[in-house]
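Notes to accompany the following structure.
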Amino acid sequence: MTTKVKKRLPQIEALGPTEVYDAYWHFAAERQAIFERRRKRLAPPWTDDPVLLTNKFTNVYRASDRISQYLIRNVIYTSTRFDADDIVFRILLFKIFNKIETWELLEREFEVISISNFSPENFGAVLENVMARGETIYSGAYIMPTGLRSLRLARKHQTHLAILQMMIDTELPTKVADSKSLGDLYGLLRSYPLLGDFLAYQYAIDINYSDVTGFSESEFVMPGPGARSGIRKCFSTLGHYSESDIIRIVTERQEVEFHSRGLDFSYIGGRPLQQIDIQNIFCEIDKYARVRFPDISGKHNRTRIKHRFHANPIPIDFLYPPKWNLSQVAR
């Protein structure tokens, strides 16, 4: 970790931090330690925390998750050079379905995926054939809502591909390159149908992995429902702060919070956790607390963790955006 601790950090005691807030930092350190143990191909079990051992949680760094890694290496930074418009288009197409198998199916069918060979009708027909075989084309995360009456399309994927065509027709890729900040990029994406607050933010982060934009991941954040619930479990009151303010404050305090608990957090390449990562951890601690702290309620009444952990045997050759200039890259 190469950044310096700020002399005057925002105070957090007035917010009434709960035992879940303390667990937040232990969770972050242990989840990152699990990532390192698996990356080094150590034998399981990778933790003695029974909740982490048996339930599925995303990585502490969003960019370390399998889908993000595939996006970075196979969609953005490929051996084939694409211009900025095509890179934005490829990212959006991938994220609409957010499923590796769907992307690879389209690559086999159309070879090079670019704006020049995109057709909602042709791409939709290929996906229709897949669904006719009983296969799914969407992942379970970050799914765009299903309907838009103005398009009058019968199938969800047809609507989503039509929105992608709308983005091309209104020159969204060019506008992305001209955006001035991460918040500006978010607002641009948010202006399109079916892209709500959280989804537009996630897409903005994905686009910002590329060289089309070069914004800090800690200049803007839009907390999702899970993060909002996790924040409520971590603090008794938010005072005059918004959830976005809380994420910013916690991001700025990360070094002192780890240090004060004697936790040795394994920063990747010296890169501090960004607001997107802190946001994600709030979402994950919301799930974790359902089991560890069942009496502490958030914004929802969920009492169990939906997905159990099953190790994926396929190794990942980790690649992070080169523009981050990490001092070391996990492999």
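The table below gives the values:
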{"quantity": "Rounded tilt (10° steps) of 84-97 against the dominant C-alpha axis of the chain", "calculated": "70"}
{"quantity": "Under the Karplus curve 6.51 cos²θ - 1.76 cosθ + 1.60, θ = phi - 60°, whole-Hz ³J(HN,Hα) for the stretch 13-18, x wherever Gly or Pro sits", "calculated": "4, 5, 7, x, x, 9"}
{"quantity": "Diffusion constant of the stretch 221-274 at 37 °C, which comes from Stokes-Einstein with the Kirkwood Cα-pair radius and 0.692 mPa s, µm²/s", "calculated": "262"}
{"quantity": "Net +/- balance of residues flanking Glu217 in space, Cβ distance below 14 Å, scoring K and R +1, D and E -1", "calculated": "0"}
{"quantity": "GluC sites (Glu not before Pro) lying in DSSP loop within the stretch 87-191, provided at most 16 other Cβ fall within 10 Å", "calculated": "Glu111, Glu135, Glu171"}
{"quantity": "Rounded to the nearest 10 Å², the accessible area of Val112 at probe 1.4 Å", "calculated": "70"}
{"quantity": "Computed lengthening from Phe110 to Phe318, 0.36 nm per intervening residue step minus Cα-Cα distance", "calculated": "72.2 nm"}
{"quantity": "Of Glu219, Glu13, Glu243, the one that fluctuates the most in a GNM where the chain has Cα springs shorter than 10 Å", "calculated": "Glu13"}
{"quantity": "Helix 197-207 vs. the chain, principal-axis angle (Cα, 0 to 90°, nearest 10)", "calculated": "80"}
{"quantity": "Test item: Cα-centred dipole of the stretch 121-210, Lys/Arg +1 and Asp/Glu -1 on Cβ, debye", "calculated": "280"}
{"quantity": "Pair Met166, Ile100: separation of 7 Å Cα→Cβ label points (nm)", "calculated": "3.2"}
{"quantity": "Label-point separation in nm, Arg37 to Ile249, each point 7 Å along Cα→Cβ", "calculated": "3.4"}
{"quantity": "Folded to 0 to 90 degrees: helix 100-110 orientation relative to the chain principal axis, Cα", "calculated": "20"}
{"quantity": "[x] 30, 26, 20; [y] 34, 22, 21; [z] 38, 23, 18, with the label sought being that of the calculated semi-axes √(5λ) of the Cα gyration tensor in Å", "calculated": "[y]"}
{"quantity": "Rough spin-label spacing in nm, given labels placed 7 Å along Cα→Cβ, for Arg292 and Arg308", "calculated": "2.2"}
{"quantity": "Total formal charge among the other residues, if their Cβ is under 14 angstrom from that of Val176, Lys/Arg +1 and Asp/Glu -1", "calculated": "-3"}
{"quantity": "All-pairs Cα distance distribution in the stretch 140-255, expressed in whole percent, bin size 5 Å", "calculated": "2, 10, 18, 19, 17, 14, 10, 6, 3, 1, 0"}
{"quantity": "Alpha-carbon centroids, the stretch 269-314 and the stretch 84-125: separation in whole Å", "calculated": "31"}
{"quantity": "Cut-off under 5 Å, modelled amide H: who pairs with Phe235 long-range", "calculated": "Thr18"}
{"quantity": "Charge sum, other residues only, whose C-beta stays under 14 Å from Ser266's C-beta, Lys/Arg counted +1 and Asp/Glu -1", "calculated": "+1"}
{"quantity": "Sites matching trypsin sites (Lys or Arg not before Pro) across the stretch 185-269 that sit in DSSP coil, with at most 14 neighbouring C-beta atoms within 10 Å", "calculated": "Arg261"}
{"quantity": "Computed E for Asn122/Asp22 - FRET, C-beta separation, R0 56 angstrom, nearest 0.05", "calculated": "0.55"}
{"quantity": "At most 10 other Cβ within 10 Å, DSSP loop - trypsin sites (Lys or Arg not before Pro), the stretch 70-116", "calculated": "Arg81"}
{"quantity": "Members of Lys95/Lys299; Lys95/Lys156; Lys56/Lys99; Lys40/Lys306 lying beyond 20 Å, as alpha-carbon distances in this model show", "calculated": "Lys95/Lys299; Lys40/Lys306"}
{"quantity": "Carbon and sulfur %, accessible surface of the chain computed with the full protein complex present, 1.4 Å", "calculated": "49"}
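The values are calculated or read from the model by the stated rules, or taken from the named source; none is laboratory data. Everything numeric here is computed off the predicted structure, so don't read it as measured data. Glycine also receives a Cβ, built like all others from the backbone with ideal geometry; neighbour counts cover every protein chain displayed. Note: accessible area is taken over every heavy atom of the protein model, side chains too, but ligands, DNA and RNA are not part of it. Shrake-Rupley method; radii C 1.70, N 1.55, O 1.52, S 1.80 Å.
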